[in-house]
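Working notes, beginning with the structure itself.
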Amino acid sequence: MGGWKLVVFRIFNLTLGRIRFFSWTVKRVIVNRKIKSQPFGGRYVASSRYFDARDIDESKESG
Amino acid sequence: MIETAEILLERVVGQVPRILGLADRREGSRAYGCFDRYYWHYKLHDWKNARFQEAAYLLALLWATPHEKNPFAGKDAVRDWAKAAMEFWSRSRHRDGSVDELYPHERSFCATAFSACACLHAARILGTEPPDMASTLRFLKRFDNPDVANQRAAAALALVLGGEYEAAAKKISALVESQDAEGFFPEYGGGDIGYQSITLGLLTELEKSLPETPENVIFDRRGLAESIARGIAAVSGVIDEKGRYDNRDSSRQTQYLYLHSFAGRNEDVIEKVIAGLREDAVLQPGWMDDRYVIPFCADYLLTYRALAGLDKT
């Protein structure tokens with residue numbers, strides 16, 4: 001493919017790329033504002049815990 | 001040797017709580033089984049790094065390694081988390097069977113190869129059915145990376161584990177041919193000791209995984225064994241008494257040394273690394289970042305199992 005078709009194709013791809021980047025940026029801002037509005041900023045909820053040795057203790061119920 | 005090698009198991013077990021902390025272990029969560037904490041918890045990334053799912057293999061190995069210093073052996077929870085890691089990996093794939101590592105829609109050959117190996121190994125150890133691998137194996141057959149031997153070796157291993165012997169034999173043959181006169185496999189234009197040790201570890205696993213009598217496919221087992229031996233010889237001479245080496249001339253300037261390939265071939269190197277571990281003088285799994293602590297732990301555990309005679313189970 002060459003000539004004017006190549007030029008049109010490249011302009012199309014550049015434009016599409018810019019649209020995708022802009023929409024991704026908007027999405028990141030929306031997602032992160034939503035997270036921040038949650039209690040404790042949304043990223044430190046109690047259920048997202050680190051490993052607890054009781055998780056593999058089969059002799060009693062885990063915490 | 002086995003008594004001194006316990007330090008390898010200890011260093012792995014010491015990292016497992018951290019690795020488990022990377023995982024979403026809440027049953028019913030949409031990200032249950034995801035080990036990429038930056039994705040499911042911190043939401044810093046819009047995509048999952050599939051390499052974290054290699055934890056499935058590490059957990060399966062832990063589950064299958066009985067030892068008084070391994071509290072994870074035989075535990076149902078550990079087996080369930082390994083299965084969850086495999087299932088999350090399977091759901092994360094693109095339609096062509098590939099996965100992403102560094103950016104969305106990457107379709108990474110490297111991540112697909114390594115994570116596929118991990119899931120196939122884990123399924124075998126746990127005695128469960130692996131995810132449907134057809135699309136992933138097609139992807140690995142279709143693509144290659146001749147500049148990066150460790151990725152090619154991982155792809156070859158995944159193909160062997162998945163039963164695609166003809167395609168695996170081609171990749172193995174190409175890999176052996178790419179070895180230079182000194183015994184180094186290519187890593188972006190030169191030899192690299194750390195990645196060489198990864199490639200050798202993968203080829204060691206591959207050698208152990210080759211079927212006895214595959215249909216219509218002839219593996220050059222002798223050529224593979226000689227290639228591994230040459231690769232080990234290339235590395236062994238540059239390791240100091242504490243398991244370290246000068247990485248300044250390595251093509252990728254890695255600092256670590258994977259040990260599995262040295263078990264049964266040159267255990268002096270393992271002894272040197274153990275000496276370095278005792279003094280905390282050598283790079284070890286606990287010093288690695290969250291991405292690479294997982295496969296490095298798996299390598300140490302594979303090494304321990306080989307030395308303890310457990311690698312037939």
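What follows is calculated from the coordinates using simple rules that are stated; it is not laboratory data. Predicted model, so just to flag it, every value in this text is computed and none were measured. Cβ placement follows ideal geometry from the backbone for every residue including glycine, while neighbour counts extend to all protein chains displayed.
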*Identify all residues within region B:98-133 that are aromatic (Phe, Trp, Tyr) and either touching a Leu at 6+ places or on another chain (Cβ under 7 Å) or surrounded by 21 or more Cβ atoms within 10 Å (Cβ to Cβ) (or both); write none if there are none.*
B:Phe109, B:Phe114
*Being among the charged types (D, E, K, R) and touching a residue at least 60 places away in the same chain (Cβ under 8 Å) is the filter; apply it to region B:50-70 and report the residue that is surrounded by the fewest Cβ atoms within 10 Å (Cβ to Cβ).*
B:Lys69
*Among residues of region B:180-209, those that are surrounded by fewer than 18 Cβ atoms within 10 Å (Cβ to Cβ) and hydrophobic (A, V, I, L, M, F, W, C), counted*: 1
*Which one is farthest from B:Ile125 (Cα to Cα), of the residues in region B:281-313 that are out of contact with any helix residue (DSSP H, G or I) (no Cβ under 6 Å at 6 or more places or on another chain) and of a type in the set (A, V, I, L, M, F, W, C)?*
B:Ala281
_Need pairs with beta-carbon distance below 9 Å; first residue on the phi > 0 side of the Ramachandran plot and within region B:150-177, second assigned to a helix (DSSP H, G or I); sequence gap 6+ or separate chains._
B:Gly163/B:Leu137
_So, in region B:59-69, exactly how many residues are under 20 Å from the mean Cα position of the chain (by Cα) and either within 20 Å of B:Glu3 (Cβ to Cβ) or of a type in the set (A, V, I, L, M) (or both)?_
6
*When B:Leu277 is evaluated against the numbered criteria (1) under 14 Å from B:Phe184 (Cβ atoms); (2) outside any loop (DSSP other than H, G, I, E, B), which criterion, by number, is the only one it fails?*
(1)
*Please determine, by comparing only the residues of region B:28-45 that are touching a residue at least 12 places away in the same chain (Cβ under 8 Å) and assigned to a loop (DSSP other than H, G, I, E, B), which one is nearest to the other protein chains (Cβ to nearest Cβ).*
B:His41
*Residue that is farthest from B:His121 (Cα to Cα) [pool: residues in region B:46-60 that are within 13 Å of chain A (Cβ to nearest Cβ) and among the hydrophobic types (A, V, I, L, M, F, W, C)]*: B:Trp47
*Among B:Ala77, B:Ala82, B:Ala73, B:Ala23, which is the only one that is surrounded by fewer than 22 Cβ atoms within 10 Å (Cβ to Cβ), in contact with a helix residue (DSSP H, G or I) (Cβ under 8 Å, 6 or more places away or on another chain), within 14 Å of chain A (Cβ to nearest Cβ) and farther than 30 Å from B:Gly276 by Cα?*
B:Ala77
